[in-house]
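Heads up: the structure comes next, in structure tokens.
The values are calculated or read from the model by the stated rules, or taken from the named source; none is laboratory data. These numbers were taken from a predicted model, which means no experiment stands behind them. Heads up, the Cβs are rebuilt from the backbone with ideal geometry, glycines too, and the neighbour counts pull from every protein chain shown. Please note that ligands, DNA and RNA were not included when accessible areas were found on the heavy atoms of the full protein model with its side chains. Shrake-Rupley method; radii C 1.70, N 1.55, O 1.52, S 1.80 Å.
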Amino acid sequence: MKNIKFYLIVALLVVSCKTVQETTQVVKSEAPIVDTREIQGGMWIPSLLEGVNENEMQLLGSKMTAEDIYSVNNSSLKDAIVHFNGGCTSEVISPNGLLLTNHHCGYGVIQSHSSVENDYLKDGFWAMSYEEELPNENFSVTFIKRIDDVTEAIFEGVNSDMDEAAKMKLINQNILKVSKAAQKEAWQDANVKSFYKGNQYLLFVTEEFKDVRLVGAPPTSIGKFGSDTDNWMWPRHTGDFSMFRIYADANNKPAEYSKDNVPYKPAHHLPISLDGVEEGDFTLVFGFPGRTNEYLPAVGIDQIVNVLNPAKIEVRENALKIVDEFMRNDNNIKIKYASKYASIANYWKKWIGENQGIEKSNAIQKKRELESEFSKIVAEKDLVGYKTLLSDFETLYKEIESVSLARDYWVEVVYRNVELLNITFSAFQLEQAFLKGGEEAFESRRKSLLNSYKGKFKNYSAKVDKPVFEKLVSLYAEKAPNEFMPSNMGNVNFSTLTNDIYANSKLTSLEGANELLTGTAEEVIKKLNGDKAYTFGKELHSIFYTKIEPKFQELNLQLAAVQKEYMKALMEVFPNKRFFPDANSTLRVTYGQVKGYAPKDGMRYGNTTYLKGVIEKFVPGDYEFDIPNKLKELYDSKDFGQYGDNGKMPVNFIGTNHTTGGNSGSPAIDAHGNLIGLNFDRVWEGTMSDMNYDPDICRNIMVDIRYVLFIVDKYAGAKNLIDEMTLVHPKK
Ligand code: ARG
Ligand code: GLU
């Protein structure tokens, strides 16, 4: 490992970056051969790139300095990167605050403006002037202004005599103190986040804009082309983008919505390269990855892959099969369930890919090898504090296994997939609110409950939910751990039970639910407790709250403490390995190269797909693979304008960037800081990168920016948007 670092530095000095760009796997030169796979993977903190990360990026072909990417005093790339309503990422692509993100990130907003007459999901939406842009309530985007290391201040007063609970209490107090004392402007916010499992703390000064308007979206048949069948897959052909605009007050500061607000003037907007990409080109993805688990011990991964994932996959598979059948045979049900189906199917498919990838890459075995090396060094150096970490993991994971499994069954069956049980759960919370907070708590809860039921029942069909109930509840009874089994699950004829509940419960329709919820608090509680669905659900929820959750939290706290210590130990024992902090929805940089891959023996995937492939997949009338006529016409006439590449229209490409959920909508940036693509997914074989990034098979999927521009310009005719962008030719 030490040698590799040395070679990298030699290579950096000896090899010109041009050579690096031209070769794909290996840097060939007088210098020792360096495997560039060694320097990919990782989600790095933008304020700490100087030195190692900067060198690695340049070895991969970047021409940028750390300061070009993140700077407090000068404008830099980071000034164009925007957290999109707390979930996805977006980027500023014009001097007038134009924002680019994914179609699936803008989906809710697009849907909220749609009606039968103006179906923007189906037909797309394009504002041809500022006046036509659509404002949104309860929506915001956030810039990161500054990142400070505050670790010392957060650990002030913490000492090794304290127990874990006392430490955490003091740390949380310090976090409050530090955020309050942070230097910032009146319109800015400050918050502290934990990194490296609680070994480092960073302060983020942010600026949140609440007037964000919808500017454009392609029809779903382009923005979600291929839908669930193609989701998590390569080769891919999706135009997954939408556009928004940030508005500010007259001083260019954040403000609530007002018709007097004006387009925001950013400190930086990304220029857009029209020159495309080729194998080996440098790519940087800048965004807000949500959550990863890269430093689990082998026993933890083993549990996810062999116990928890299979259980969750089985539950979802059974639910999806039933819902799919109804959707195929009934158009009304298809519309009601499309969005729910897509979100359940998304992670179902991800977990299957994750399991296959972990197995294929031998990830557990590799972790075990790392752990035995770790133990050897700990023994040699007599690092007393670290000697029991691995056996502590073994003990705790063994202990938590059945409670984690029971928890997953409850979450998947009761909370996520059987809608009636989810409905009883909100009613259960109402009863709990009354028991704890009396009439007042009851009233406020009832109000929000009635509201949420309105939304839930709009897309509910008891006909679909009933067979799901029967199937999943039987599965729960059969497979969930016995020690956490509710008493009403033993010795039951589930078919009779299901018939009885769906015939008699009032909670299967909005009218019935409203009727149950009318009256004084006492009356409502009494009526609920006479309802068959409610009493059945209540038993499950009670077990969850009294047995499953407390035990889970208790063990999880202990696991977190061991994990924190283990993280510190790993970094100490392997000082030359690359350690990046797990994703935590904060701003990160990941770099890599455009690269195809070999998913199986004898199979090799290229790095780019073209419009030709869209036409190959096109099935007229199909709900996943139909396309608008206009797109077909543009293809037939090869009318690609300045966006085509030698008579072909590029659509998607893949690279080795280490991304996860939350990186959706992140910009893919070239060696010079220009926008070349829009991140939206990963390849199936590589979804295990959340636990084990492998440069051979982990790939992120991006929309080629030229396809975005082609759709905006040639398909939608929204030239006004193209005109405000900065288009460049860095390769010419
Ligand atoms: N798999 C991508 C992600 O995790 C895209 C999901 C949206 N697309 C879909 N077909 N469901 O968010
Ligand atoms: N589609 C994901 C998202 O919404 C990104 C894909 C991934 O998990 O890498 O963030």
Legend entry - Val72 vs. criteria surrounded by fewer than 21 Cβ atoms within 10 Å (Cβ to Cβ) and of a type in the set (Val, Ile, Thr): yes
Inset, instruction - Give the number of residues within region 277-292 that are over 19 Å from the mean Cα position of the chain (by Cα) and open to solvent by 10 Å² or more (accessible area, probe 1.4 Å). - result: 4
Legend entry - Thr238 vs. criteria over 23 Å from Ile705 (Cβ atoms), polar (S, T, N, Q) and either within 16 Å of ligand 2 (Cβ to nearest atom) or surrounded by fewer than 20 Cβ atoms within 10 Å (Cβ to Cβ) (or both): no
Inset, instruction - Filter region 670-713 down to residues that are basic (Lys, Arg) and within 13 Å of ligand 2 (Cβ to nearest atom) and give me whichever is surrounded by the fewest Cβ atoms within 10 Å (Cβ to Cβ). - result: Arg682
Legend entry - Top-ranked residue of region 345-370 - restricted to ones that are open to solvent by less than 20 Å² (accessible area, probe 1.4 Å) and either assigned to a helix (DSSP H, G or I) or hydrophobic (A, V, I, L, M, F, W, C) (or both), ranked as farthest from ligand 2 (Cβ to nearest atom): Ala363
Inset, instruction - Inspect region 650-659 for any residue being more than 30 Å from Ala379 (Cβ to Cβ) and surrounded by fewer than 16 Cβ atoms within 10 Å (Cβ to Cβ) and give the result as yes or no. - result: no
Inset, instruction - Could you grab the pairs with beta carbons closer than 7 Å, sequence gap of 6+ or different chains, first residue in region 222-237 and over 23 Å from Cys698 (Cβ atoms), second one more than 10 Å from ligand 1 (Cβ to nearest atom) and not in a loop (DSSP other than H, G, I, E, B)? - result: Ile222/Leu631; Ile222/Ile711; Gly223/Ala217; Gly223/Ser242; Phe225/Val614
Legend entry - Residue list for region 483-522, filter: surrounded by fewer than 18 Cβ atoms within 10 Å (Cβ to Cβ), more than 23 Å from Lys458 (Cα to Cα) and under 33 Å from the mean Cα position of the chain (by Cα): Met485
Legend entry - Any helices (runs of 4 or more DSSP H) falling wholly within region 388-481 and containing at least 3 residues that are closer than 30 Å to Met327 by Cβ and among the β-branched types (Val, Ile, Thr): 462-479
Legend entry - Selection within region 149-170 - touching a residue at least 24 places away in the same chain (Cβ under 8 Å) and open to solvent by less than 50 Å² (accessible area, probe 1.4 Å): Val150, Thr151, Ala153, Ile154
Legend entry - Filtered residues of region 696-712 (kept if within 22 Å of the chain's Cα centre (by Cα) and either hydroxyl-bearing (Ser, Thr, Tyr) or modelled with pLDDT of 95 or more (or both)): Cys698, Arg699, Asn700, Ile701, Met702, Val703, Asp704, Ile705, Val708
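One line per residue, one yes/no per condition, for (1) over 27 Å from the mean Cα position of the chain (by Cα); (2) aromatic (Phe, Trp, Tyr):
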position: Asp230; (1), (2): no, no
position: Met233; (1), (2): no, no
position: Ser242; (1), (2): no, no
position: Tyr247; (1), (2): no, yes
position: Glu256; (1), (2): yes, no
position: Asp260; (1), (2): yes, no
Inset, instruction - Sort through Ala427, Ala433, Ala480, Ala441 and tell me the only one that's closer than 30 Å to Glu401 by Cβ and surrounded by 16 or more Cβ atoms within 10 Å (Cβ to Cβ). - result: Ala480
Inset, instruction - Quickly run through region 86-116 and pick out the residues that are within 12 Å of ligand 2 (Cβ to nearest atom), open to solvent by less than 20 Å² (accessible area, probe 1.4 Å) and in a loop (DSSP other than H, G, I, E, B). - result: Asn102
Inset, instruction - Being β-branched (Val, Ile, Thr) and in contact with a Phe, Trp or Tyr (Cβ under 8 Å, 6 or more places away or on another chain) is the filter; apply it to region 607-658 and report the residue that is nearest to Gly239 (Cα to Cα). - result: Val651
Legend entry - Subset tally (residues that are of a type outside the set (Lys, Arg) and either under 20 Å from Gly606 (Cβ atoms) or modelled with pLDDT under 95 (or both)) for region 665-686: 12
Legend entry - Scan of region 176-202 for residues that are more than 22 Å from Phe580 (Cα to Cα) and open to solvent by 30 Å² or more (accessible area, probe 1.4 Å), ordered by number: Leu176, Lys177, Lys180, Ala181, Gln183, Lys184, Glu185, Ala186, Trp187, Asp189
Legend entry - All positions within region 536-568 that are among the polar types (S, T, N, Q) and either open to solvent by 60 Å² or more (accessible area, probe 1.4 Å) or more than 18 Å from Phe425 (Cα to Cα) (or both): Thr546, Gln553, Asn556, Gln558, Gln563
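Given the criterion within 16 Å of ligand 2 (Cβ to nearest atom) and not in a loop (DSSP other than H, G, I, E, B), identify the matching residue among Phe204, Phe286, Phe225.
Among Phe204, Phe286, Phe225, only Phe286 is within 16 Å of ligand 2 (Cβ to nearest atom) and not in a loop (DSSP other than H, G, I, E, B).
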Legend entry - 1 or more residues farther than 28 Å from Thr65 by Cα and in contact (Cβ under 8 Å) with a residue 40 or more places away in the chain: qualifying strands (runs of 3 or more DSSP E) within region 632-690: 650-655
Inset, instruction - Using the structure shown, decide if Asp324 is in a helix (DSSP H, G or I), within 16 Å of ligand 1 (Cβ to nearest atom) and acidic (Asp, Glu). - result: yes
Inset, instruction - Pick out the one residue from Tyr247, Tyr295 that is open to solvent by less than 10 Å² (accessible area, probe 1.4 Å) and at pLDDT 95 or above. - result: Tyr247
